[in-house]
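The values are calculated or read from the model by the stated rules, or taken from the named source; none is laboratory data. The shown structure was predicted, so the numbers you read here are calculated from the model rather than taken from an experiment. All Cβ positions, glycine included, derive from the backbone under ideal geometry; neighbour counts span all protein chains shown.
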């Protein structure tokens, strides 16, 4: 990937993100934040390669810690978001 | 298809799922599905990454994934809804920390293999910096939210911060100029960590929603920058999406506090107001009341607005408030909640707490919806909120919070303020609302006070 293509992706994705999430009701501020936070744990896929590549002890160790931290971020993030959203949804069912 | 092709297609699928997921998270009806889509995208991304031929030892990966999953599940399942801001801050920090480690590891590897160029060095430097700021900033925010760390900074903090920022930029340049010297990169990580601490150490409670949202944006940008290091399109796309969503939330929070993003990041810590004595404002005009009196006032009310603040979370009063609402509604009183955008410690904090207590979100009105209705409101009950209902924001141009949009609770016929004492809120200023003729103060713990009112309502 050339630098220019990478920059293009970056800029377009920022604009896409700004367009996607313009009017979010206050009720969803926290779930949106924790859900998108889980998405930012995508750095996990980079960590997997660093940890698994077995280059040197140092890089493997850094990768190992990174995989652990990013997995906590990803798993915990999506799960806690789901838990919060279930509270909103559960309430609706009880009051038809 | 070759393996790299499979990986690329997998990444494309994951990117689309992230986009649809974030879109879904923005609307109440699709939010659950949106979150699931995001999680599915992540699973796809992880699975195809494991096909990568440079991964040769799977055991360590399995161990790390297992540890991370167990810890993540435990944290997510055990957390109390009142501690949600802490958890979000912590996850944020972990994401930022992971980005630093990944960027550092791949940069070191590239240098060892002799394939490091300027572009890689700059990308690694930027990632290390932003990731380190996100990590230490989030950890400080975590401890501040737990209230195990207090501190309001020191004079000249913003100057020190600016100096460290300049040094950091210089260090990024040094990393790019001398990629073979690992010391520059480590120094940069150190500077980033320091910057994160300096940026959040002076943050008080009311600024928390802005800071949490901003750190959320940073964690996205850090992931995106990692994508530039690894030449990985999915990291760039997913990271930028998160960065954008964090930026939007930050902007919403800033508007609600009448501050600019620039002020929050670069300005000196907001000085505590000095000068006017609280007794000038309060004098002997503050009227204290009892739960029984409040119950009598509520008995004859047709419309009641409840305004919650951070004090509600501290007192864990959300279930008691639900009981109060149920008991008022049973006697035909209309009850709604008026929620200021920065009430609490993170965006949407009050909504989450009230949802936990099974209060319908149709009952939750935001500032623009509730403000025009205060004039037709018989009783407004303020629980643990202070600065967001301070009329000085409207009336006193010299006030530190002048111009901040507030809830106009003083326009309702009667205001009941449930509060431990007359102590000022985060802005450090007295609140003329407490001394207003139509305001009654019910001093005490938020939860107990509400329970007392409910009990008194039953016996009236």
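Values for this structure:
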| item | result |
| --- | --- |
| Filter result for residue B:428 (in the same structural domain as residue B:328 (by TED's automatic domain parsing), at positive phi and either assigned to a loop (DSSP other than H, G, I, E, B) or touching a helix residue (DSSP H, G or I) at 6+ places or on another chain (Cβ under 7 Å) (or both)) | yes |
| Any hit, the stretch B:74-94, residues being outside any helix (DSSP H, G or I) and over 17 Å from residue A:64 (Cβ atoms) | yes |
| Residue identified as within 18 Å of the chain's Cα centre (by Cα), part of a helix (DSSP H, G or I) and either under 27 Å from residue B:345 (Cα atoms) or modelled with pLDDT of 90 or more (or both) among A:4, A:62, A:44 | A:44 |
| Answer from B:217, B:244 - the residue that is closer than 20 Å to residue A:69 by Cα and either modelled with pLDDT of 85 or more or more than 13 Å from the chain's Cα centre (by Cα) (or both) | B:217 |
| Criterion (more than 9 Å from chain A (Cβ to nearest Cβ), crowded, with 18+ Cβ neighbours inside 10 Å and assigned to a loop (DSSP other than H, G, I, E, B)) met by exactly one of B:336, B:342 | B:342 |
| Test for residue B:371: is it part of a helix (DSSP H, G or I), touching a strand residue (DSSP E or B) at 6+ places or on another chain (Cβ under 9 Å) and touching a residue at least 24 places away in the same chain (Cβ under 8 Å) | yes |
| Residues that are surrounded by fewer than 22 Cβ atoms within 10 Å (Cβ to Cβ) and closer than 14 Å to residue B:160 by Cβ, drawn from the stretch B:182-194 | B:194 |
| Pair list, Cβ < 8 Å and 6+ apart or interchain, from the stretch B:353-366 residues that are more than 7 Å from chain A (Cβ to nearest Cβ) to residues that are in a loop (DSSP other than H, G, I, E, B) | B:353/B:344 |
| So residue B:231, is it more than 13 Å from chain A (Cβ to nearest Cβ) and either in contact with a helix residue (DSSP H, G or I) (Cβ under 8 Å, 6 or more places away or on another chain) or over 16 Å from residue B:100 (Cβ atoms) (or both) | no |
| Answer from B:36, B:22, B:51, B:12 - the residue that is over 24 Å from residue A:87 (Cβ atoms) and part of a helix (DSSP H, G or I) | B:12 |
| Residue among B:82, B:30, B:127 that is more than 7 Å from every other protein chain (Cβ to nearest Cβ), farther than 15 Å from residue A:38 by Cα, touching a residue at least 60 places away in the same chain (Cβ under 8 Å) and surrounded by fewer than 24 Cβ atoms within 10 Å (Cβ to Cβ) | B:82 |
| Only listed residue being under 21 Å from residue B:339 (Cα atoms), in a helix (DSSP H, G or I) and in contact with a helix residue (DSSP H, G or I) (Cβ under 8 Å, 6 or more places away or on another chain), chosen from B:450, B:454, B:415 | B:450 |
| Residue in the stretch B:35-48 that is more than 27 Å from residue B:349 (Cα to Cα), surrounded by fewer than 17 Cβ atoms within 10 Å (Cβ to Cβ) and at pLDDT 90 or above present | yes |
| Qualifying residues in the stretch A:11-29 (those that are in a loop (DSSP other than H, G, I, E, B) and either in contact with a helix residue (DSSP H, G or I) (Cβ under 8 Å, 6 or more places away or on another chain) or touching a residue at least 24 places away in the same chain (Cβ under 8 Å) (or both)) - the one surrounded by the fewest Cβ atoms within 10 Å (Cβ to Cβ) | A:22 |
| Index of the failed condition, residue B:377 passing every other in (1) within 25 Å of the chain's Cα centre (by Cα); (2) crowded, with 22+ Cβ neighbours inside 10 Å | (1) |
| Considering residues of the stretch B:33-76 that are more than 7 Å from chain A (Cβ to nearest Cβ) and closer than 19 Å to residue B:87 by Cα only, the residue farthest from the chain's Cα centre (by Cα) | B:70 |
